[in-house]
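A.B. asks: Shown below is the structure under consideration.
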Amino acid sequence: MVDVGFTNTKVILYDASLNHISELKTASPHHDGTHYREIDVAAITRFAADALNTLDKTLPIDVIVPSAHGACVVSLQQDGTPAVPVMDYTSEPPASIVADYQRRMPEFAESYSPYLPMALLHSVQLFWQQKALPEDFAEAETILPLMQYVAFALGGRAVTEVSSMSCQSHLVDMRTGKPSALSIDQGWAPKFAPLAKAWEVVGQFKPALRSTGFRGLGEILSGVHDSNANYLRYLAGGQQHFTLLSTGTWIISFDTDADMMKLDHTKDIVANKDVFGRTVACSRFFGGKEFEVVSQGSDGSKASLDEVRSLLTQGTMALPSFTDSGGPIPNSGSKGHIVGPKPNTDEARASLASLYCALMMSESLDALHSRHDIIVDGPFSQNEVFLGLLAALRPGQNVMASLLRDGTATGAACLALMPDGQVPRIAIDMRRIEPAGIDGLAAYQAAWRKAAIS
């Protein structure tokens, strides 16, 4: 499968039993453009094709499943190349674009998503491109999300898919699954590529990209939003009532039971649709990025509970938010700062970042009204201090950690096993996390919360 993350792009080889065989990885290419930061999708395609050819020598590749981060949309001109440069979601729209867009954006009751910072909304990307590059944008004939663009570039036909179109979008009326009023008014809706199921075969790895001797069938599926792929994996594992923390650059929390219309959308509550078109309430926190900022690059493995105890004793707090996405604390974007004695070692910085992210995630879980088991998947499932603190902060819930780091990729690979749309049954290896024994944690949390919202 081809997994295009914001930070890294991976091509991962699985066998028919979803055993991880091999993988190749590269940094996802971004650069400054004339009007906004851009993603080099041609380089991503070249890497994916080269990696598929290499991995096919290990095991014939019969099915290719694209997966990608949600906040990217591609507009194609007649020859199949982008009509305008593909936008990096960290681009900052001009104030005039933001103001104009916000006058037109759909109500929360239609989109199930508030206005998001940067260019995190598909619709903001299209709106900005249409304003900044009107002649080029007018040449766009087909609009599709990044994951379906990858399928197209490798040899598939141009399609859209429900989980990909609905995430951080404003392009879809979440009540009906049809194009939003904004998409219709702006003239985008007629250009949306036809809808296909995530597991639908949309083409074959094109001959021009295959190396001599490529052995597999190379059938390409339409693909899936990466966090939704992770969610699918746990559905395939037989989980029914749970909150999934799909962690990485972002932490996206999926809750199986939350009532979307009873949640406070100012706390970065959004909805996604799963691959079957069902609406799932979610919360968002720029956790991986904020951890990186607070830790100053120190790895989570360097964190320790002893250092956390020292931070509590000396009153050191990281207060939100260290990016312009406030997550569960409204109006805190870009206000992040540290109070008390500053951490001055890698261990202290990683410990503070782990503590901060655990506190923020507990707030996100409160915002979702989470009450069942909490499953942590992805890089944060390897951070023992974060896990223990989160378990201590959620005394009424079990915290489970996945033993497989690449849940997103494995979830996407599940699509190769469901040609009829029936979810396969796969084993899920998890471990229960014991709460960290930290005296004074509840009092610290109360003081932190008071300072965070002041």
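The values are calculated or read from the model by the stated rules, or taken from the named source; none is laboratory data. No experiment lies behind these values; they were computed from the predicted model shown. Because the Cβ atoms are built from the backbone with ideal geometry, glycine has one as well, and the counts that use them run over all protein chains shown.
A.B. asks: Which ones in the stretch 307-320 are acidic (D, E) and either in a strand (DSSP E or B) or more than 17 Å from G340 (Cβ to Cβ) (or both)?
C.D. replies: Answer for the stretch 307-320, where residues must be acidic (D, E) and either in a strand (DSSP E or B) or more than 17 Å from G340 (Cβ to Cβ) (or both): there is none.
A.B. asks: Return the only residue of D15, D62, D3, D56 being touching a residue at least 60 places away in the same chain (Cβ under 8 Å), closer than 30 Å to D429 by Cβ, touching a Leu at 6+ places or on another chain (Cβ under 7 Å) and of a type in the set (D, E).
C.D. replies: D62
A.B. asks: Something else: Restricting the search to the stretch 122-142, which residues are surrounded by fewer than 16 Cβ atoms within 10 Å (Cβ to Cβ), out of contact with any helix residue (DSSP H, G or I) (no Cβ under 9 Å at 6 or more places or on another chain) and not charged (D, E, K, R)?
C.D. replies: P134
A.B. asks: Condition first: of a type in the set (D, E, K, R) and either assigned to a helix (DSSP H, G or I) or farther than 21 Å from I269 by Cβ (or both). Now tell me which residues in the stretch 171-187 satisfy that.
C.D. replies: Across the stretch 171-187, the qualifying residues are K178, D185.
A.B. asks: Still on this structure: With respect to L52, determine if the residue is at pLDDT 95 or above and closer than 23 Å to S183 by Cα.
C.D. replies: Here the answer is no, as L52 does not meet what is asked.
A.B. asks: Scan the stretch 369-378 and tell me whether some residue there is among the polar types (S, T, N, Q), modelled with pLDDT of 95 or more and under 21 Å from the mean Cα position of the chain (by Cα).
C.D. replies: yes
A.B. asks: Strands (runs of 3 or more DSSP E) wholly in the stretch 188-300 with at least 1 residues that are touching a residue at least 12 places away in the same chain (Cβ under 8 Å) and closer than 25 Å to S332 by Cβ - which ones?
C.D. replies: Hits in the stretch 188-300: 242-246, 251-255, 269-273, 279-285.
A.B. asks: Against the condition more than 18 Å from the chain's Cα centre (by Cα) and at positive phi, how does G440 come out, does it pass?
C.D. replies: yes
A.B. asks: If we keep just the residues of the stretch 71-86 that are in a loop (DSSP other than H, G, I, E, B) and without any contact (Cβ under 8 Å) to a residue 60 or more places away in the chain, which is surrounded by the most Cβ atoms within 10 Å (Cβ to Cβ)?
C.D. replies: V84
A.B. asks: Which helices (runs of 4 or more DSSP H) sit wholly inside the stretch 361-454 and have at least 1 residues that are under 14 Å from G237 (Cα atoms)?
C.D. replies: Counting at least 1 such residues, we get 407-414.
A.B. asks: Right, Q314: at pLDDT 95 or above, more than 24 Å from T9 (Cβ to Cβ) and surrounded by fewer than 18 Cβ atoms within 10 Å (Cβ to Cβ) or not?
C.D. replies: Yes.
A.B. asks: Among all residue pairs at least 6 apart or on different chains, which show Cβ distances below 7 Å where the first residue, located in the stretch 133-151, is acidic (D, E) and the second is modelled with pLDDT of 95 or more and assigned to a strand (DSSP E or B)?
C.D. replies: Listed pairs, sorted by first residue: E141/L76.
A.B. asks: Within the stretch 87-105, can you find the residues that are among the small types (G, A, S) and either under 25 Å from the mean Cα position of the chain (by Cα) or surrounded by 13 or more Cβ atoms within 10 Å (Cβ to Cβ) (or both)? Quick ask: steps written out before the conclusion?
C.D. replies: Of the stretch 87-105, the ones among the small types (G, A, S) are 91, 95-96, 99.
Matches in the stretch 87-105: S91 only.
A.B. asks: Further, regarding this structure: How many residues does the stretch 106-121 contain that are over 17 Å from Y36 (Cβ atoms) and either surrounded by fewer than 21 Cβ atoms within 10 Å (Cβ to Cβ) or not polar (S, T, N, Q) (or both)?
C.D. replies: Count: 8.
A.B. asks: With the condition kept exactly as written, say whether any residue in the stretch 262-269 is under 20 Å from the mean Cα position of the chain (by Cα), at pLDDT below 95 and surrounded by fewer than 15 Cβ atoms within 10 Å (Cβ to Cβ).
C.D. replies: yes
A.B. asks: Then there's this: Please verify whether the stretch 52-59 includes one or more residues that are among the charged types (D, E, K, R) and under 17 Å from the mean Cα position of the chain (by Cα).
C.D. replies: Within the stretch 52-59 (the criterion being among the charged types (D, E, K, R) and under 17 Å from the mean Cα position of the chain (by Cα)), the answer is no, since none of the residues qualifies.
A.B. asks: Mind checking which residues of the stretch 403-441 are surrounded by 15 or more Cβ atoms within 10 Å (Cβ to Cβ) and of a type in the set (G, A, S)?
C.D. replies: Hits for the stretch 403-441 are G407, A409, G411, A412, A413, A416, A436.
A.B. asks: Still on this structure, please answer the following. Might you let me know whether the stretch 400-418 holds any residue that is closer than 30 Å to M261 by Cα, more than 22 Å from the chain's Cα centre (by Cα) and among the polar types (S, T, N, Q)?
C.D. replies: Checked against the condition, which is being closer than 30 Å to M261 by Cα, more than 22 Å from the chain's Cα centre (by Cα) and among the polar types (S, T, N, Q), the stretch 400-418 yields no hits at all.
A.B. asks: Among residues belonging to the stretch 15-35 that are over 30 Å from P94 (Cα atoms), modelled with pLDDT of 95 or more and hydroxyl-bearing (S, T, Y), point out the one that is surrounded by the fewest Cβ atoms within 10 Å (Cβ to Cβ).
C.D. replies: S22
A.B. asks: If you don't mind, there's one more thing I want to ask. Which residues, counting only those in the stretch 327-360, are in a loop (DSSP other than H, G, I, E, B), of a type outside the set (A, V, I, L, M), in contact (Cβ under 8 Å) with a residue 60 or more places away in the chain and closer than 13 Å to F286 by Cβ?
C.D. replies: Selection gives G327, P328, S332, G333.
A.B. asks: Which ones in the stretch 333-344 are surrounded by 12 or more Cβ atoms within 10 Å (Cβ to Cβ) and over 21 Å from the mean Cα position of the chain (by Cα)?
C.D. replies: Taking the stretch 333-344 first, the residues surrounded by 12 or more Cβ atoms within 10 Å (Cβ to Cβ) are 333-336, 338-341, 343.
Residues satisfying the conditions are K335, G336, I338, V339, G340, P341, P343.
A.B. asks: Among T45, T26, T9, which is the only one that is in contact with a helix residue (DSSP H, G or I) (Cβ under 7 Å, 6 or more places away or on another chain) and assigned to a helix (DSSP H, G or I)?
C.D. replies: T45
A.B. asks: Residues of the stretch 150-170 being assigned to a helix (DSSP H, G or I) and not hydroxyl-bearing (S, T, Y), which ones? Please lay out each step first, then the result.
C.D. replies: Initially, the stretch 150-170 is screened for residues assigned to a helix (DSSP H, G or I), giving 150-154, 162-166.
Matches in the stretch 150-170: V150, A151, F152, A153, L154, V162, M165.
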